[in-house]
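Here the structure comes first, spelled out in structure tokens, and everything after it is commentary.
The values are calculated or read from the model by the stated rules, or taken from the named source; none is laboratory data. Small disclaimer: the values here were computed from a predicted structure and weren't measured. Counting neighbours? That spans all protein chains shown, and the Cβs are built from the backbone with ideal geometry, glycine included.
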Amino acid sequence: MTPEPYDDETGEALRPMGLVLDDDRGSLPYHLVHGEALVAAAAWAMGEAGVDLVDVTVPWSVVTDLGRPLVLHDPLCPMTPAEFIAECVQVAVARDVVTVGVRPVTDTVKRVTEGRLGQTVDRDGLAAVCSPVVLPARVVAELSAQPAGDFVALVTALRSSYDVVLLEAPPAARRVSSDDDLRVLEALTEPR
């Protein structure tokens, strides 16, 4: 296990850094949830979780040289609670593993064989990747480029080289793919 990174001057634990990845998501990250852009809601949650945001234009070599864990947040999961993001960071740092927020799969999933609909897949063995994906500092240092915004492909690739822990995210962390999904999320997370 790699120890938590510390600042040599202050002796304090280094705060994780984070990216809100809005590439290849069309205009949906700029639609509104509770009157704010999804991308802004995601960024605020990162700040509340104690994550220092890094601009996506910062060269990857600078990010790797900082020696800090990296939190990747999908703005299409805009209402992911800060507490859950912080929990994912704690697990990633304490266990030196990639940590991924997931939601249970609730849709019926079928196998397709030779173009024919087949057997139903047991949902208990499935998970829907949402947000965040937390990379411990060691993993960040070993990556040659900034991770792509396709979280499913990223997690699949990371699983081939690193230990990956899936943590069940709360319902508010669900991923939206349309304005209809966004209205459901807004109703689910309506402040009381």
Q: Only residues that are surrounded by 15 or more Cβ atoms within 10 Å (Cβ to Cβ) and over 25 Å from Ala43 (Cβ atoms): list them for segment 139-163, please.
A: Tyr162
Q: Identify all residues within segment 67-93 that are surrounded by fewer than 18 Cβ atoms within 10 Å (Cβ to Cβ) and either in contact with a Phe, Trp or Tyr (Cβ under 7 Å, 6 or more places away or on another chain) or farther than 16 Å from Val133 by Cα (or both); write none if there are none.
A: Gly67
Q) Name the pairs: first residue in segment 20-35 and outside any loop (DSSP other than H, G, I, E, B), second residue among the β-branched types (Val, Ile, Thr), Cβ to Cβ under 8 Å, at least 6 apart or on different chains? A) Val20/Val39; Leu28/Val176; Pro29/Val39; Tyr30/Val39; Val33/Thr189
Q.
Between Val63, Val139, Val112, Val54, which is under 30 Å from Asp181 (Cα atoms), among the aliphatic types (A, V, I, L, M) and either in contact with a helix residue (DSSP H, G or I) (Cβ under 8 Å, 6 or more places away or on another chain) or at pLDDT 95 or above (or both)?
A. Val54
Q: Could you grab me the full set of residues in segment 133-159 that are within 16 Å of Val89 (Cβ to Cβ), in a helix (DSSP H, G or I), in contact with an Asp or Glu (Cβ under 9 Å, 6 or more places away or on another chain) and of a type outside the set (Lys, Arg)?
A: Ala137, Val139
**Q.** Residue check, Arg183 more than 28 Å from Thr64 (Cβ to Cβ) and surrounded by fewer than 14 Cβ atoms within 10 Å (Cβ to Cβ)
**A.** yes
Q) Pick from segment 94-107 the residues that are in a strand (DSSP E or B) and of a type outside the set (Lys, Arg): which of them is surrounded by the most Cβ atoms within 10 Å (Cβ to Cβ)? A) Gly101
Q) Counting only residues that are in contact (Cβ under 8 Å) with a residue 60 or more places away in the chain and of a type in the set (A, V, I, L, M), which one in segment 47-65 is surrounded by the fewest Cβ atoms within 10 Å (Cβ to Cβ)? A) Val56
Q: Return a yes/no flag: does segment 12-34 have any residue that is modelled with pLDDT under 95 and of a type in the set (Ser, Thr, Tyr).
A: no
Q) Applying the selection to segment 76-93, what residues are in a helix (DSSP H, G or I) and touching a residue at least 24 places away in the same chain (Cβ under 8 Å)? A) Ala82, Glu83, Phe84, Ile85, Ala86, Glu87, Cys88, Val89, Val91, Ala92, Val93
**Q.** Subset tally (residues that are among the charged types (D, E, K, R), over 16 Å from Leu32 (Cβ atoms) and either part of a loop (DSSP other than H, G, I, E, B) or free of Cβ contacts under 8 Å to residues at least 12 places away in the same chain (or both)) for segment 160-191
**A.** 3
